[in-house]
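Okay, so here's the structure we're looking at.
The values are calculated or read from the model by the stated rules, or taken from the named source; none is laboratory data. Note that the structure is a prediction, hence the values are computed from the model and not measured. A quick note on method: Cβ atoms are made from the backbone with ideal geometry, for glycine too, and the neighbour counts reach across all protein chains shown.
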Amino acid sequence: MWKFLERIGTQGVQFIVAIILARLLAPSDFGLIALVIVFVSIANVFVQSGLNTALIQKKNADNIDFSTVFYASLGLAGIIYGILFLCAPLIASFYNNQTALVPVIRVLGLMLLLGAVNSVQEAYVARNMMFKKLFYRSVGAIIPAGAIGVACAYMGLGVWALVAQQLSNSLLVCVIMWFTVKWRPSLAFSFDRWKKLFAFGWKLLCSALLDTVFRNLQNLIIGKFFSPADLGYYNRGDQFPNLIVNNINASVQSVMLPSFSSIQDDKVRLKNVARRAIATSSFVILPMMAGLAAVAEPLTLVVLGERWLPAVPFIQICCFSYAFWPIHTTNLSAINAVGRSDIFLKLEIIKKGLCLVALLLALCFMRSPIGIAAAAAVTSPLGAFINAHPNKKLLNYGYLEQMRDVLPSFVLSLIMGGGVYGLSKTIAFPAILQLVVLTIVGMVFYLLCARLFKLDCLVYIVQTLKDRKKKIGD
């Protein structure tokens, strides 16, 4: 509950702050900060190097372990920050000699030092199950940091408003944790302890590095070959579907793996639970993505303003990509639950290779930001097929059977989304009224059709809510 509240609270505040900043700053400002975040995110993977997770995983971790990781992470962060500081002009040169990036990289790179401290604090909190502290920490930092960012933007500081927001948030997180968590590093460092922790953590480092590089690959390519404004439109376009799916998906995923693991020896039951997870998640997420794609234009006008209209096609493309996440999440959780992390790693390598090929083809033949985003989106259903393939053997639950479970929700969402989009082109209401009307029409149509055709997912959700209400009443 506390993790869910933390996620909803921080992302809710971030979303509101992002809307305000989008009206005060230019798209190019968001593009510039996105360019820098690519390199800071990759550098941060090396700083954490999987050691924070190793601390959580180790059975008898003591203060020597935590202190060892603290000093090792802080020292590594200092070295990597020094490299980033010196390489800032080279990075700016890579991005078509955008000299404005140099000071931004050098200042925002300080987040690496703060992140090294914070990663050990988070490991201590997670190990001791003190998630309530993470909620207060995150919300307590994001609100004043957002206020600082908005104030700087109002004063006309441009991209530095975004730098101030992110850096102040990282600093406040560390300060709040320092005063609310009792752990303090001792003057102790054990090289033997570090070696044992790193023996576990380096695999996580490789996986995290692979994931981080490819998650930022579109930003890297668009930032290199197109303008910062184009990258700003892409990032704002990704924001809306990402906010919806990530919160739902993360909440479901946090429960899914332990639930699957508890019945890993009963393959029949595991398959049934996986089917329920895929069907129910798709029933919720598919209409949201279809509806969001349909109302992307009035939503952009209302929330971001007219100058952000070039972000509309990016919203629609990203909605298509995120629509397949329930299939990804469920299949990967099932594979991990039966102890086949080797298959998990192989799947990641295959998918990332496919993504790289698609992006290179788009860059060679389409040469547009829309083409880059579309190429990444096309790999989403292909990735879902790849993730589902091993479960044909592991659970007797292959891709075709999974598609049959998702098909009713998919068809209904497609009809609803198409109808709402067509309606948006025929009514001449003001944008805010159009958004409200289209949203209500889409929701009512989808739920009425689901009830008319007696979709099992709707029956299941309604019955679950009734049972929950009755349990609370009793």
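Listed by position, the helices (runs of 4 or more DSSP H) contained in region 393-474 that have at least 1 residues being modelled with pLDDT under 90 and within 30 Å of Lys267 (Cα to Cα) are 399-424, 456-473.
Out of Thr329, Thr300, I need the residue that is modelled with pLDDT of 90 or more, buried (at least 21 other Cβ atoms within 10 Å of the Cβ) and polar (S, T, N, Q). Which one?
Matching residue, one of Thr329, Thr300: Thr300.
Run down Val38, Val17, Val45, Val107 and say which single residue is under 23 Å from the mean Cα position of the chain (by Cα), modelled with pLDDT of 85 or more and either surrounded by fewer than 16 Cβ atoms within 10 Å (Cβ to Cβ) or outside the structural domain of Arg236 (by TED's automatic domain parsing) (or both).
Working: Val38 fails: modelled with pLDDT of 85 or more; Val45 fails: modelled with pLDDT of 85 or more; Val107 fails: under 23 Å from the mean Cα position of the chain (by Cα).
The unique qualifying residue is Val17.
The requirement of being part of a helix (DSSP H, G or I), in contact with a Phe, Trp or Tyr (Cβ under 7 Å, 6 or more places away or on another chain) and β-branched (Val, Ile, Thr) is fulfilled somewhere in region 83-93, by at least one residue.
Residues Ile285, Ile335: which one is modelled with pLDDT of 80 or more and in contact with a helix residue (DSSP H, G or I) (Cβ under 8 Å, 6 or more places away or on another chain)? Let's see the steps before the verdict.
Details: Ile335 fails: modelled with pLDDT of 80 or more.
Step by step, each of Ile285, Ile335 is checked, and only Ile285 is modelled with pLDDT of 80 or more and in contact with a helix residue (DSSP H, G or I) (Cβ under 8 Å, 6 or more places away or on another chain).
Just one of the numbered conditions (1) surrounded by fewer than 18 Cβ atoms within 10 Å (Cβ to Cβ); (2) part of a helix (DSSP H, G or I) is not true of Leu157: (2). No other residue among Lys346, Lys351 is out of contact with any Pro (no Cβ under 8 Å at 6 or more places or on another chain), buried (at least 18 other Cβ atoms within 10 Å of the Cβ) and free of Cβ contacts under 8 Å to residues at least 40 places away in the same chain apart from Lys351.
Before we move on, is Ala337 of a type in the set (Gly, Ala, Ser), more than 21 Å from Phe410 (Cα to Cα), surrounded by fewer than 23 Cβ atoms within 10 Å (Cβ to Cβ) and touching a Ser or Thr at 6+ places or on another chain (Cβ under 7 Å)? Don't jump to the end; show me each part of the working.
Values: of a type in the set (Gly, Ala, Ser): yes; more than 21 Å from Phe410 (Cα to Cα): yes; surrounded by fewer than 23 Cβ atoms within 10 Å (Cβ to Cβ): yes; touching a Ser or Thr at 6+ places or on another chain (Cβ under 7 Å): yes.
For Ala337, the condition - of a type in the set (Gly, Ala, Ser), more than 21 Å from Phe410 (Cα to Cα), surrounded by fewer than 23 Cβ atoms within 10 Å (Cβ to Cβ) and touching a Ser or Thr at 6+ places or on another chain (Cβ under 7 Å) - is met.
Matching residues to (1) at pLDDT 80 or above; (2) in the same structural domain as Asn96 (by TED's automatic domain parsing); (3) crowded, with 17+ Cβ neighbours inside 10 Å:
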residue: Val175; (1), (2), (3): yes, yes, no
residue: Val181; (1), (2), (3): no, yes, yes
residue: Arg184; (1), (2), (3): yes, yes, no
residue: Leu187; (1), (2), (3): yes, yes, no
residue: Arg193; (1), (2), (3): no, yes, yes
residue: Ala199; (1), (2), (3): no, yes, no
residue: Tyr233; (1), (2), (3): yes, no, yes
residue: Val245; (1), (2), (3): yes, no, yes
residue: Ser251; (1), (2), (3): no, no, no
